[in-house]
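Take a look at the structure set out below.
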Amino acid sequence: MSNPLAYLAGQLEEWKKAGTYQHLRVLESESAAESRFDGKEVINLASNNYLGLTTHPRLREAALEAVRRYGVGSGAVRTICGTMTLHMKLEERIAAFKNVEACVVFQSGFAANAGTVSAILTPDDHIVSDELNHASIIDGCRLSKAKIHVFPHKDVAAAGRILAELDGVPGRKLLISDGVFSMDGDIGPLPGLVAEAERHGAIMMVDDAHSSGVLGRAGRGTIDHFGLHGRVDIQVGTLSKAIGVLGGYVCGSRDLIEFLYHRARPFLFSTSHPPAVAAACLAAFDVLEAEPERIANLWENTRYFKQGLISSGFNTGLSETPITPVMVGDAALAHRFSRALFDEGVLATGIGFPTVPQGKARIRTIVSATHTQAQLDRALEVFRSAGRKLGIA
C-alpha cells in the first residue's frame, strides 16, 4: 500500500543535504544558566529564562503547595468548570501589575496573540503590521481574514501613510507591533506608532512577550518603559519567558477581556492551566517586585556579553536588549556554528528561514540574570574559537 505522506521524507532529506536539518536538543536537568543537554554540560545561552525564575524557591514551593491543595489539573476549559480561584487571582494580579482594568490568561503567548486578533476583527477590517512581527501575530492576522497591510520594520512614517490611506475606508483598523522583536532584539518605536494610531482612530496592540520582566519598572514592559499607560488598547504578555513558567495573557479594558472570554477560540477550547502553573506564576510576580536586583543583573550581563561579542568582531545586528543575535547570513553555516559551539560547551541555537528571512541566518543568544561572569567569559572564548575555525569572525 502506498504511503500518502511519503513526500515528507523527501523534504526531510532535502533539509539534511542543505545542512539545515535540526534534531531536538533534550534537556536533562533544570533549565538554568548551565544545563545538561544530550548528556553534555553546557552554558545555556538559548533559553528565554531571563531572570532565572524557573528554579526560584518561591515558585517551586508555590507550585508544590497548589498541587497538594488543588491536585494536578483543573479538569475542564475555563467556560465550563475549569476556572479556579487561582486563575482569577492571577488575572487580577497581572492587571494590577500592568496598570489596566482587566486581564485574561491563555495557555500560551502564541494562543494569546492568535486568539485575540482573530476574535476582535472580521474580513471587513484592516490590520497594519510590522514586517518582523512574531509568527503568532501573523497567524492571528490571517485567521481574522482581515485585510493585512505590512509596513517596513520600525518605519513609523510608513505605518502612518498606510493608516492615512485607510481614513474613510469602511472597517476597523488595528495597528500592531512587537514591543521587543524576538529575533533581532530591538525595541519597537512605540511612541510614534501610538501617536499614529491615535491620529487615525486605530486600535493599538503591542506584543510585550520579550519585554515582560525585562523593560519598565519591575519588568512591566515597553508600555511602562515609554510611559504609554492608557494609550495602548491591547497588551499581550507571556508567562513562559521571564516569568519562568507557562502561558500568555492579554490586558486591556474590562469590555475587551469579557469579549475574549466569549469569543477567543484558544480560551474557549483549551483546558485551563494546572493549579501548579497558575500558583507559580502568581509567585513570580511577587518576586519581580521583591527582587529588583534580578533585572539589574540581567542588564549588567547583557552589556558585558554584547560588548564581548562586538569586540571579538561579531555582528550583533540591531540588538538593544538581552536578545543578541550573532549574524551569519547562510543558514547551513549558522547551524554548523551552533553545533561547533555545542561541542565546546555552549548551547546557542542556529536560526534560519522561515523563522528569519533568507540570507539573514544567525545564532541567537540570550543571557540571564543568573549567568556568572566566569560563564560568560568562557562562552565568549568558545564563540571566538569556533568563529575563527569557521571564518565567521
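The values are calculated or read from the model by the stated rules, or taken from the named source; none is laboratory data. These numbers come from a predicted model, not from an experiment. A quick note on method: Cβ atoms are made from the backbone with ideal geometry, for glycine too, and the neighbour counts reach across all protein chains shown. Each accessible area value is taken on the protein alone, full model and side chains, heavy atoms only, with ligands, DNA and RNA left out. Shrake-Rupley method; radii C 1.70, N 1.55, O 1.52, S 1.80 Å.
Determine ³J(HN,Hα), in whole Hz, for all residues of segment 328-334 in sequence, where each value follows from phi through the Karplus function 6.51 cos²θ - 1.76 cosθ + 1.60 and θ = phi - 60°; x replaces Gly and Pro.
3J(HN,Hα) across segment 328-334, in whole Hz: 10, x, 7, 5, 4, 5, 4.
May I ask for the distance between the Cα centers of segment 337-356 and segment 250-291, given as a whole number of Å?
Each part reduced to its Cα centre gives a spacing of 33 Å.
Roughly speaking, what is the centre-to-centre gap between segment 104-173 and segment 1-79 when only Cα atoms are used, to the nearest Å?
29
Given an 8 Å cut-off on Cα distances and at least 6 residues of separation, report the relative contact order of segment 59-170 as a percent.
Numbers: 103 pairs, mean separation 20.0, N = 112.
Relative contact order for segment 59-170 comes out at 18 percent.
Quick check: residue separation of THR355 and VAL67 times 0.36 nm, minus the Cα distance between them. What number comes out in nm?
On the way: separation 288, 0.36 × 288 = 103.68 nm, distance 3.68 nm.
Full-extension gain reported as 100.0 nm.
Under a GNM of the chain (C-alpha, springs under 10 Å), which listed residue has the highest mean-square fluctuation: VAL77, VAL367, VAL214?
Comparing VAL77, VAL367, VAL214 in the GNM, the peak value goes to VAL77.
Who wins for biggest fluctuation among MET205, MET88, MET183 in a Gaussian network model of the chain, springs between alpha carbons below 10 Å?
MET88
If you roll a 1.4 Å probe over the chain with all protein chains in place, what percent of the accessible area is carbon or sulfur? Please list the in-between numbers first.
Values: 9190 of 17110 Å².
Roughly 54 percent, rounded to a whole number.
Assuming a ≥ b ≥ c are the square roots of the Cα gyration tensor eigenvalues, decide whether the chain counts as rounded (a/c under 1.5), prolate (otherwise, with a/b larger than b/c) or oblate. Provide the component values of the computation, followed by the final result.
On the way: a/c = 1.44, a/b = 1.21, b/c = 1.19.
It is rounded, given that a/c, with a ≥ b ≥ c, falls under 1.5.
Report the local net charge at ASP207: Lys and Arg +1, Asp and Glu -1, summed over other residues whose C-beta lies under 11 Å from its C-beta. Can you show the working numbers first?
Values: positive: none; negative: ASP130, ASP178, ASP208.
That works out to -3.
Using amide H atoms built in the peptide plane, which far-off residues or other-chain residues are under 5 Å from ILE203 H to H?
Here the answer is LYS173, LEU174, LEU175, since their amide H atoms fall under 5 Å of that of ILE203.
Mind listing the long-range amide H neighbours of ILE148? Cut-off is under 5 Å, sequence gap 5 or more, other chains count too, H placed in the peptide plane at 1.01 Å from N.
Amide H neighbours of ILE148, under 5 Å, 5+ apart: ILE127.
Mind listing the long-range amide H neighbours of PHE106? Cut-off is under 5 Å, sequence gap 5 or more, other chains count too, H placed in the peptide plane at 1.01 Å from N.
Answer set, sorted by chain and number: GLY248, TYR249, VAL250.
Please compute the per residue accessible area over segment 236-376 with all protein chains in place, 1.4 Å probe, rounded to a whole number of Å².
On the way: 5420 Å² over 141 residues.
Spelled out: the 1.4 Å probe surface of segment 236-376, per residue, equals 38 Å².
Rounded, prolate or oblate: which one fits segment 1-150, using the alpha carbon gyration tensor with axes a ≥ b ≥ c (rounded when a/c is under 1.5, else prolate when a/b beats b/c, else oblate)? All intermediate terms of the calculation are to be shown ahead of the outcome.
Values: a/c = 1.74, a/b = 1.09, b/c = 1.60.
Taking the square roots of the gyration eigenvalues as a ≥ b ≥ c, segment 1-150 is oblate.
Helix-only mean residue ellipticity at 222 nm, the chain, DSSP H runs n ≥ 4 weighted -39,500 (n - 2.57), per residue, nearest 500. What is it?
-13500 deg cm²/dmol
With a 1.4 Å probe and every protein chain left in place, work out the accessible area per residue of segment 48-109 in Å², rounded to a whole number.
On the way: 2960 Å² over 62 residues.
Averaged over the residues of segment 48-109, the accessible area is 48 Å².
Taking θ = phi - 60°, what integer Hz values does the Karplus form 6.51 cos²θ - 1.76 cosθ + 1.60 yield along segment 99-114, in sequence order, with x for Gly and Pro?
Running phi through 6.51 cos²θ - 1.76 cosθ + 1.60 with θ = phi - 60° gives 6, 10, 6, 7, 8, 10, 9, 10, 6, 7, x, 4, 5, 5, 5, 5 Hz.
Select from SER129, GLY109, SER74 the residue farthest towards the positive end of the dipole of segment 68-168; place +1 on Cβ of Lys and Arg, -1 on Cβ of Asp and Glu, and compute about the Cα centre.
SER74
Mind checking which of TYR249, TYR70, TYR50 has the largest fluctuation in a GNM of the chain, springs on alpha carbons under 10 Å?
TYR70
If you place +1 on the Cβ of every Lys and Arg and -1 on the Cβ of every Asp and Glu, how big does the dipole about the Cα centre of the chain come out, in debye to the nearest 20?
On the way: 40 positive and 42 negative charges, 115 e Å.
The calculated dipole for the chain is roughly 560 debye.
Could you tell me the calculated FRET efficiency between ASP377 and TYR261, based on Cβ-Cβ distance and R0 = 56 angstrom, to the nearest 0.05? Don't skip to the answer; put the middle values down first.
Details: r = 50 Å, r/R0 = 0.89.
After rounding, the FRET efficiency stands at 0.70.
Can you tell me how segment 96-203 classifies by the Cα gyration tensor, rounded, prolate or oblate, using a/c under 1.5 as the rounded cut? It would help to have the intermediate numbers written out before the result.
On the way: a/c = 1.40, a/b = 1.18, b/c = 1.19.
It is rounded, given that a/c, with a ≥ b ≥ c, falls under 1.5.
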